[in-house]
Amino acid sequence: MGASLPPKEANLFKLIVKSYETKQYKKGLKAADAILKKFPDHGETLSMKGLTLNCMDRKSEAYELVRQGLKNDLKSHVCWHVYGLLYRSDREYREAIKCYRNALKIDPDNIEILRDLSLLQAQMRDLAGFVETRQQLLTLKPNHRMNWIGFAVSHHLNSNASKAVEILEAYEGTLEDDYPPENERCEHGEMLLYKVSMLEECGLLERALEELHKKELKIVDKLAYKEQEVSLRVKLGHLEEGEKLYRALLSMNPDNYRYYEGLQKCVGLYSNNGHYSPDEIDRLDALYKSLEQQYKWSSAVKRIPLDFLQGDKFLEAAENYIRPLLTKGVPSLFSDLSSLYNHPGKADILEQLILELENSIRTTGQYPGMVDKEPPSTLMWTLFLLAQHYDRRGQYEIALSKIDEAIEHTPTVIDLYSVKSRILKHAGDLVAAAALADEARCMDLADRYINSECVKRMLQADQVALAEKTAVLFTKDGDQHNNLHDMQCMWYELASGESYFRQGDLGRALKKFLAVEKHYADITEDQFDFHSYCLRKMTLRTYVEMLRFQDRLHSHSYFHKAAAGAIRCYLKLYDSPSKSTAEQDDDMSKLLPSQKKKLRQKQRKAEARAKKEAEEKNEESNAGGVSKSGKRHAKPVDPDPRGEKLLQVEDPLSEATKYLKLLQKNSPDSLETHLLSFELYIRKQKILLAFQAVKQLLRLDAEHPDSHRCLITFFHKVGSMKVPETDSEKLIWSVLEAERPTISDLHEKSLFEANNSFLEKHKDSLMHRAAAAEMLYTLDPSRKSDSVKLIEESPNDFVPRNGAPGPIREWKLKDCIVVHKLLGTVLVEPDAALRWKVRCAELFPYSTFFEGSRSSASPNSAFNQISIKFENGNLNHSVGGPDVDSFTSNGKLEAFKDLSISQS
C-alpha cells in the first residue's frame with residue numbers, strides 16, 4: 001500500500017487511509033492532492049482520492065478517478081479493493097465481488113479484502129463462496145474468535161448444521177477451562193445456546209439436552225435456557241418433565257400464550273384445529289380453573305378457555321371475563337373477542353349475554369345477580385361493545401343507534417367517534433366516516449394513532465390532499481409527505497396509491513406503489529451491516545432467524561399489495577395508453593379556435609397551480625430544514641411529483657412482468673397472484689404461461705368465480721384463434737389438447753355446458769351467477785339479455801341463524817358494487833345498471849356509491865351536513881388545540897360549550 005512512493009509521500013498515503021477511516025474527508029483530500037502534485041499518475045492515490053470523493057457525494061468524479069487509478073496500476077490490490085468498495089456503496093454487489101476476487105488474485109491473504117468479500121457473499125447468499133472465504137479467514141487467523149464463529153455460521157447457512165457443530169466444538173477445544181472471563185459470559189452463553197439449537201435442528205435431541213445440562217452454569221440467559229430445555233423435553237416425549245418446566249415458565253410469565261399451549265401438549269390436551277371431545281373440554285376446563293387459582297391476575301388464563309368451551313359453560317366463562325373489563329372500561333375488549341365470531345354459535349351467545357348485561361345495567365344499575373352498583377361509564381362501554389358486535393354482524397342500523405346512544409351518554413370519549421366512523425365505513429358511507437374520524441382526531445390533537453386512523457378514512461374516501469395535510473401534522477417539523485417516504489410509512493403509501501388508482505391517476509398511483517417496493521429493497525440492504533455486527537456481538541440465533549426472515553421478506557402482505565397495485569397500473573396503462581404529443585396535436589387541430597383558446601388557458605392555469613404548489617412545498621421544507629446549529633439541510637426536490645415519467649414506459653407489460661415474477665416466487669398460494677398472471681400473459685399472447693396461471697387457479701380454488709372466469713375466457717380465446725401454422729403453434733395446440741381432458745370442469749363438455757354446470761352448482765351465490773352471466777355474454781354476445789336476467793334473478797336470502805332465518809341478507813356491499821360495474825361497463829346495459837343501483841340503494845341505505853337514502857350522498861340525510869362541512873374544510877386542522885365549533889357536526893358536544901371547572 002503506497003509502497004512505490006518515497007517515505008514522505010508514503011506517510012501522506014497512510015494519512016489518506018486514516019482520514020477515510022475516521023471520516024475526515026477534507027484532510028484526506030488535501031493529502032491526496034499533495035501526493036498527486038508530485039506523482040500525478042500514482043494509481044493507488046487516485047483510487048483513494050476517488051473513494052474519499054464518493055463519501056462527499058461526488059460520485060461521477062469518484063468513478064472517473066478510481067478507473068483512472070486502476071488503469072494506471074492494474075496490478076495493485078488496493079486499486080481493485082477500492083473499486084469494489086465504490087461498487088458496494090452503490091449496492092452493485094455482484095460487480096464488487098468481481099473486484100474483490102481480482103484483488104485477491106494479487107494478494108490472496110489480505111484479511112480486509114477477504115472479510116469484505118465474505119460480507120458480500122452472505123448478503124448475496126453465495127453460500128458456497130461464503131464457506132470458502134470464511135475457511136480462508138480462519139486459516140489465516142485461527143486465534144480470532146470471530147473467524148471460528150463465522151466459519152460455523154457459514155456452514156449452518158449452507159444447510160450443514162452438523163459441520164457447524166463440529167467447528168464450534170473444535171473452537172471450544174481451544175479454550176481454557178476457566179473460560180469465559182466475566183465480561184464475555186453473555187456472548188459465550190449465546191454461542192452455547194446456538195450450538196444446542198443446531199443440534200436440535202439436526203435431530204440429535206438427546207445430545208442437545210445433554211449438552212445443555214452440561215453447560216448450564218456457563219449460560220447466562222436462564223429464560224432462553226428453560227425454553228430450550230422444555231422444547232427438547234417435549235420433542236423427546238419427556239412430557240412429565242415438560243409439564244413441570246412449563247408450569248415453572250408460567251410462574252415467570254403467566255400471560256404467555258405459548259406456555260399454555262405447551263402445557264396443553266404435555267398433558268395431552270392440544271388440538272391443531274381447535275376441536276375437542278366433550279371429555280377433553282371438561283379436562284381442559286378443570287386445568288384452566290386450577291391455573292386461574294394460581295394466577296388470578298393473568299388475563300390469558302381467563303381468555304383461553306373461551307376458545308374451547310361450549311354452550312352454558314362458554315356463557316358463564318364469557319360473562320366472568322367480560323364483566324370486569326366493562327367496569328374497567330377497556331376499549332380493546334371487542335378486538336380481544338373478535339376471533340370468537342369464527343366459532344359457530346358463539347356470536348349468538350355473546351349477543352344474548354351483552355344484551356342481558358345492558359338491560360340489567362340500564363334498569364337496576366348493576367350486573368345480574370350482583371349487589372354492588374356499577375359506575376355510570378359501564379353502560380357506555382356496554383353500548384360501545386354492542387355497537388361493535390352489531391357492526392361485525394352487518395346490522396349497521398342497530399350498531400349506529402347503539403353508538404349514538406353511547407355518544408349521547410358520554411360525548412367526550414374519543415373511541416366512540418372512531419368506532420362510529422368504522423361502522424359508517426363498513427356501511428358504505430366513506431365521506432361521513434372520514435368526517436367522524438376527523439372529529440375524533442380534533443378531540444386529541446396529540447394522538448398519533450387517531451391521526452393515522454383519520455388519514456386512513458380520508459384516503460378511503462379519496463380525499464388525498466386533505467389526508468396529506470393531516471398526516472404531515474405528525475412528521476418532523478411539519479414537513480411535507482416526503483418525510484412519510486423517509487419514515488417508510490407503507491400503509492399510507494399503499495392507501496394513497498389505491499386511492500389514486502380508483503381516481504384514474506395512474507402516475508401518482510404507480511409512484512406510491514413503487515415507493516413501497518423501494519422500501520423492501522432498502523430493508524434487504526439494511527441487513528448488510530448486521531453480517532459483521534452479529535458475529536462480533538454473538539447474537540447468533542437471532543442473526544440466523546433474521547437472515548431467514550429476509551429470505552421470505554417479499555411474501556409480506558404490504559409488498560404483495562404494492563406489487564399487485566403496480567401490475568394493475570401497468571395493465572391499465574397498456575389497455576389505455578397515454579396519448580403521445582403528436583396525437584394530442586392532432587386532437588387540438590380538430591377543435592374550434594375558441595375551444596383551443598379555452599383549453600390552452602386551462603392547461604396554463606394547471607401548470608401555474610402545480611408550480612406554485614411545488615414552490616410552497618420547497619419553502620416549507622427549507623423553513624423546516626434548519627438544524628440546532630443554524631445550518632440548513634438542503635432537501636432533494638422530487639423531479640417527478642405526479643409520476644408522469646413512470647407512465648412513459650415503452651412496454652408496460654414487461655415492467656409488470658418484473659413484479660409478477662416476484663409475486664410468483666414469494667406468494668405462490670395467493671389467488672390474486674395467478675389472476676394477475678393470467679391477465680398479463682393473455683395480453684402478451686403467451687398462451688402456455690396463461691394456461692399455467694389457469695391451472696394454478698384451479699389448484700387453489702376451482703370453485704372461485706374468478707377461476708371459472710379465467711378458465712372459460714382462456715379456452716374461448718384459444719378456440720377463436722386461427723389454425724396453427726408454425727411448429728411452435730402446433731406444439732402449443734397439442735399441449736392444450738392433451739391437457740384439456742384433465743380439467744374436470746371441462747371433461748367431455750363444451751364451454752356452454754361447463755358454464756351451465758357451474759351456474760347450477762352455485763345458483764344461490766350472487767358472485768358465481770355474475771361470473772356465469774359474464775361468461776355467457778363472452779361466449780355468445782347475442783345473449784346479453786339472458787346474462788342480465790341471470791344477475792337480476794339472483795336470490796338474496798336471509799343468512800340462517802340457529803336454524804332459522806336471521807336479520808342479515810347474503811349479499812355484501814362490495815359484491816354488489818362489482819356487479820353494478822359489470823352491468824355498466826362489461827355488459828354495457830345502463831338501464832340494468834340503473835335498476836341494480838335502485839335495488840341496492842334500498843338494501844344498503846348508508847352506501848354513497850348507490851346513493852342510499854341515509855348516506856351523505858342524499859340531501860335529506862343526517863350525514864349530508866357533516867360531509868358538506870367536512871369537504872368545505874370547516875373541520876379543524878390546527879395543531880394548537882381543538883376549536884369547540886369543530887365538534888358540533890353531530891350535535892353531541894353542544895352541552896360542553898359552557899362547561900367550566902371550578903377550583904376549590
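Evaluated with a Cβ-only charge set (Lys, Arg +1; Asp, Glu -1), the chain carries a dipole of roughly 2960 debye about its Cα centre, given to the nearest 20.
How much length is gained on full extension from Asp706 to Ser576, taking 0.36 nm per residue of separation minus their Cα-Cα distance?
On the way: separation 130, 0.36 × 130 = 46.80 nm, distance 2.28 nm.
Gain in length upon complete extension: 44.5 nm.
Within the straight-line cut-off of under 28 Å between alpha carbons, the lysines reachable from Lys598 are Lys579, Lys590, Lys611, Lys612, Lys645, sequence neighbours fewer than 8 places apart in one chain being disregarded.
For the pair Asp255 and Met124, label points projected 7 Å from Cα toward Cβ lie 4.7 nm apart. Reported to the nearest whole Å, the Cα centre-to-centre distance from region 1-59 to region 439-460 is 54. Centre-to-centre separation between the Cα atoms of region 500-525 and those of region 720-776: 36 Å. Peptides 278-290, 307-319 ordered by packing proxy, namely the average of other Cβ atoms within 10 Å per residue, highest first: 307-319, 278-290.
For the chain, what does -39500 (n - 2.57) per DSSP helix run (n ≥ 4), summed and divided by total residues, give at 222 nm, in deg cm²/dmol to the nearest 500? Value at 222 nm, helices only, nearest 500: -21500 deg cm²/dmol.
For Lys14, the aspartates and glutamates whose Cα falls under 12 Å of its own Cα, not counting residues fewer than eight places away in the same chain, are Glu44.
As an exercise, use a Förster radius of 56 Å and the Cβ-Cβ distance of Ser757 and Asp90 to find the FRET efficiency, rounded to the nearest 0.05.
Details: r = 58 Å, r/R0 = 1.03.
Working from the Cβ atoms, E equals 0.45.
Subtract the Cα-Cα distance of Glu172 and Gln352 from 0.36 nm times their separation in residues, and report this length gain in nm to one decimal.
58.4 nm
With 0.36 nm allotted per residue and the present C-alpha distance subtracted, the Gln503-Asp764 stretch has 90.6 nm of extension available. Note on Asn11 and Asp780: the model spin-label points, each 7 Å out from Cα along the C-beta direction, lie 9.8 nm apart.
Peptides 757-763, 48-54 ranked from most to least packed by the mean count of surrounding Cβ atoms within 10 Å: 48-54, 757-763. Derived value for the chain: Kirkwood hydrodynamic radius 33.9 Å. Basis is the mean of 1/r over every pair of different alpha-carbon atoms. If you plug the beta carbon distance of Lys722 and Gln692 into 1/(1 + (r/R0)^6) with R0 = 22 Å, you get a FRET efficiency near 0.50.
Among the listed pairs Lys749/Lys812; Lys749/Lys837; Lys27/Lys518; Lys512/Lys658; Lys163/Lys658; Lys23/Lys105, those with a Cα-Cα distance over 27 Å are Lys749/Lys812; Lys749/Lys837; Lys27/Lys518; Lys163/Lys658; Lys23/Lys105. Distance from the alpha carbon centroid of region 285-313 to that of region 339-385 works out to 20 angstrom.
Quick check: at a probe of 1.4 Å, how many percent of the accessible area of the chain sits on carbon and sulfur atoms? Walk me through the numbers before you get to the answer.
Numbers: 24110 of 46950 Å².
So the carbon and sulfur contribution to the accessible surface is 51 percent.
By the rule of a C-alpha distance below 21 Å, with chain neighbours fewer than 8 residues away ignored, the lysines paired with Lys218 are Lys195, Lys226, Lys537. Please work out the FRET efficiency for the pair Asp33 and Asp526, using the Cβ-Cβ distance as r and a Förster radius of 25 Å; give the result to the nearest 0.05. So the FRET efficiency works out to roughly 0.10. Averaged over residues, the count of other Cβ atoms within 10 Å places the peptides 119-130, 737-748, 452-463, 436-447 in the sequence 452-463, 436-447, 119-130, 737-748, highest first. Solvent-accessible area per residue in the chain equals 52 Å², computed with a 1.4 angstrom probe and all protein chains kept.
Modelling each spin label as a point 7 Å along the Cα-to-Cβ direction, I'd like the Val799/Ser654 distance in nm, to one decimal. My value for the distance between the label points is 4.8 nm.
Mean silhouette area of region 7-181, derived from the convex hull of its C-alpha atoms and averaged over all directions, reads 11.9 nm².
The values are calculated or read from the model by the stated rules, or taken from the named source; none is laboratory data. Only a predicted model underlies this, so the values are computations on that prediction, with no experimental measurement involved. Note that each Cβ is placed from the backbone with ideal geometry, even for glycine, and that neighbours are counted across all protein chains shown. Heads up: the accessible areas ignore ligands, DNA and RNA and are worked out on the full protein's heavy atoms, side chains in. Shrake-Rupley method; radii C 1.70, N 1.55, O 1.52, S 1.80 Å.
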